[in-house]
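Heads up: the structure comes next, in structure tokens.
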Amino acid sequence: MATKLSSFLKELNNQELHLFYYYRYNEFLPGSQDQIDAEIRKRNLQLSITAKPVKLEIVEGNASALCKKCGSPKFLAQSKKEIKVGKFARNESVYMEYKCSLCNKIY
Ligand SMILES: [Zn+2]
């Protein structure tokens, strides 16, 4: 059965998979961790969750669009709502938040 996670994993190159594994493995439930393990096994990779992977190489020209922590170009955009309650009024503002898909850094 192909899930959203397993198809996401398939699109990653080996180095991206390592970054994802290093930064995010522990946030997943056991069933999802199995999928991550399976993808790593399928590629015959010996990844260590304790060895920090190197940042992705910066492709010339798009450095500003890359995650500063891991170098990934993959982001998830989410709209966030912020509500500020004052004495007389409630102010709602909506803003976009971008989260790195590999290391979870928020922009
Ligand atoms: Zn990142």
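Tabulated values for the structure
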{"quantity": "Enumeration of residues in the range 86-107 that are of a type in the set (A, V, I, L, M) and surrounded by 11 or more Cβ atoms within 10 Å (Cβ to Cβ)", "calculated": "Leu102, Ile106"}
{"quantity": "Selection count, the range 29-49, where residues are touching a residue at least 12 places away in the same chain (Cβ under 8 Å) and not in a helix (DSSP H, G or I)", "calculated": "4"}
{"quantity": "Search result, residues across the range 1-48 that are among the charged types (D, E, K, R) and closer than 20 Å to Gly71 by Cα", "calculated": "Lys10, Glu11, Glu16, Arg24"}
{"quantity": "Lone qualifier among Leu19, Leu45, Leu29 - being within 16 Å of the ligand (Cβ to nearest atom) and of a type in the set (A, V, I, L, M, F, W, C)", "calculated": "Leu19"}
{"quantity": "The range 48-75, residues that are of a type outside the set (Lys, Arg), modelled with pLDDT of 85 or more and more than 9 Å from the ligand (Cβ to nearest atom)", "calculated": "Ser48, Ile49, Thr50, Ala51, Pro53, Val54, Pro73"}
{"quantity": "Pick from the range 80-107, criterion within 30 Å of Leu5 (Cα to Cα) and hydrophobic (A, V, I, L, M, F, W, C), ranking: farthest from the ligand (Cβ to nearest atom)", "calculated": "Val94"}
{"quantity": "Pairs with Cβ under 6 Å, 6+ apart, first in the range 79-92 and in contact (Cβ under 8 Å) with a residue 12 or more places away in the chain and in a strand (DSSP E or B), second surrounded by 10 or more Cβ atoms within 10 Å (Cβ to Cβ) and not β-branched (Val, Ile, Thr)", "calculated": "Lys80/Glu97"}
{"quantity": "Residue that is among the β-branched types (Val, Ile, Thr) and surrounded by 12 or more Cβ atoms within 10 Å (Cβ to Cβ), where the choices are Ile40, Ile83", "calculated": "Ile40"}
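The values are calculated or read from the model by the stated rules, or taken from the named source; none is laboratory data. Worth saying up front: this structure is predicted, and the values here are computed from it rather than measured. Methodologically, a virtual Cβ is constructed for each residue, glycine included, from the backbone with ideal geometry; neighbour enumeration extends over all protein chains shown.
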